[in-house]
Amino acid sequence: MLIIVVRWCVVPIPWNIKEDSVRVIIEEGDSMAKIVERLKEINLIEDGKWFLILSKLLGKDRHIQAGRYDFDKGITLYSIFNKLVTGKVTFIEVVIPEGLTIREIARILKKEIGIDSAQFVKVATDSQFIRGLHISASNLEGYLFPNTYKLHWGMDPDRLVQTMVNEFKKIFTPNLSERAKEINLSRHEVVTLGSMIEAEARDGEEREMISAVYHNRLKLGMLLQCDPTVIYALWGEQGGTRRNLNRPDGRAFAQPLLLQDLEIDSPYNTYKYPGLPPGPICNPGKASLLAALSPADVDYLYFVAKGDGTHVFSSTLDEHNRAKNKIKQARRNKP
């Protein structure tokens with residue numbers, strides 16, 4: 001018996017694997033018997049009978065935490081067993097950048113932690129689930145906060161969505177809600193405006209200026225004429241892939257629009273319908289939310305992209321047209 005205990009707890013297992021570590025994915029509902037077979041297939045263990053006996057005695061033979069488990073060279077049988085029955089999964093750092101839509105986030109999570117992306121989208125658009133999170137919206141576009149998350153493989157989509165919404169709530173504090181009231185905007189309107197700023201601002205220092213343009217236009221009853229809202233109407237709203245999703249700079253909303261695109265009949269088309277669109281067009285970060293609440297103190301009503309990630313801002317249509325012509329001329333003169 002002593003020999004068995006020593007072999008289990010002290011002696012490292014024979015390492016018959018090329019790499020110095022091995023990764024094992026445990027799916028939801030996998031039994032210990034199935035896991036043992038997998039460990040034998042990859043040459044991590046030779047005989048799993050004690051795994052089966054002990055897990056049954058502990059009532060863990062059918063209740064192993066799903067996820068990714070990493071095992072390193074020099075590990076003992078006991079350490080392998082203990083990791084499995086105590087659910088010590090490997091956490092994976094996943095970066096969710098600012099400015100992505102629900103479906104784009106779902107694609108990242110599928111790639112990084114193997115979730116069912118369709119189920120993630122379903123949860124994020126489930127009205128009953130959303131009500132339970134105390135979010136007044138038809139879907140969670142805008143409320144899945146961009147951040148670096150420590151997640152585990154195969155994580156439950158419900159829990160994932162809730163985690164991201166909780167991060168949003170940490171950022172959108174009661175103080176920010178009070179500030180929204182001061183400028184006569186609801187939280188949902190702030191998030192919507194923040195998403196438009198996020199989609200437009202490639203240079204972070206321009207966020208407050210872009211915010212000012214939209215605030216000034218709203219006050220004057222002007223159409224917002226925000227290109228990214230049209231892009232969302234064309235490809236994002238219906239779940240399609242935007243034309244430039246694979247741009248090397250990652251700016252999915254930077255695709256130039258065609259004149260015919262501006263005719264799409266959608267409440268998200270801010271060239272056609274006045275006011276803010278019905279909801280966010282992406283998931284903005286903290287800086288864009290703050291910019292939506294605190295626009296720059298300027299009288300600008302227009303801006304045009306220079307092509308280097310920045311914009312020229314103008315107060316009148318004549319100034320705006322001159323800026324556009326100057327940029328066009330500069331592009332023509334480029335060698």
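Where a number appears in this text, it was derived from the coordinates with a stated rule and is not lab data. Only a predicted model underlies this, so the values are computations on that prediction, with no experimental measurement involved. For neighbour counting, all protein chains shown are included, and Cβ atoms are generated from backbone atoms with ideal geometry for every residue, glycine included.
A few points about this structure:
- In a DSSP loop and with at most 11 other Cβ atoms within 10 Å, the GluC sites (Glu not before Pro) in segment 26-58 are GLU28, GLU46.
- Along each principal axis, taking the top coordinate minus the bottom one, the Cα set of segment 1-159 gives 63, 32, 21 Å in descending order.
- As a rough guide to protection, the peptides 214-221, 97-104, 256-263, 203-210 ranked by mean Cβ packing within 10 Å, highest first, stand as 97-104, 203-210, 214-221, 256-263.
- Within straight-line reach of LYS219, meaning a Cα separation under 17 Å, sit the following aspartates and glutamates at least 8 residues removed in sequence or on another chain: GLU182, GLU189, GLU208, ASP297, ASP299.
- Once backbone amide H atoms are built at 1.01 Å from N, LEU100 has ASN283 as its partners under 5 Å, excluding neighbours fewer than 5 places away on the same chain.
- Overall form of segment 177-332 per C-alpha gyration tensor (a/c, 1.5; a/b vs b/c): rounded
- Of the Cα atoms belonging to the chain, the radius of gyration and Dmax stand at 26.2, 91 Å.
- About its Cα centre, the chain has a charge dipole of approximately 460 debye under the convention of +1 per Lys or Arg Cβ and -1 per Asp or Glu Cβ, with nothing else charged.
- Theoretical gain in end-to-end length, SER177 to GLU19 [0.36 nm per residue, Cα-Cα removed]: 51.6 nm
- Cβ-based charge dipole, the chain, positive-most Cα from THR173, ALA118, PRO277: ALA118
- Ranked by the mean number of other Cβ atoms within 10 Å per residue, highest first, peptides 292-298, 120-126 order as 120-126, 292-298.
- Under 13 Å, Cβ to Cβ, from ALA296 - net charge with Lys/Arg +1 and Asp/Glu -1: -4
- Spherically averaged projected area in nm², based on the convex hull that wraps the Cα atoms of segment 144-223: 6.9
- Cα-Cα pairs of segment 92-171 separated by more than 22 Å (percent): 13
- Shown for segment 92-171: lysine pairs separated by 8 or more places, or found on different chains, whose C-alpha atoms are under 17 Å apart, numbering 4.
- Here the residues LYS83, LYS88, ranked from fewest to most Cβ neighbours within 10 Å of their Cβ, fall in the order LYS88, LYS83.
- Proximal lysines relative to LYS73, as straight alpha-carbon distance under 16 Å, when same-chain residues fewer than 8 apart are discounted: LYS18, LYS40, LYS83
- Under 17 Å of direct C-alpha separation, and excluding same-chain neighbours fewer than eight residues apart, LYS334 reaches these lysines: LYS306, LYS324, LYS326.
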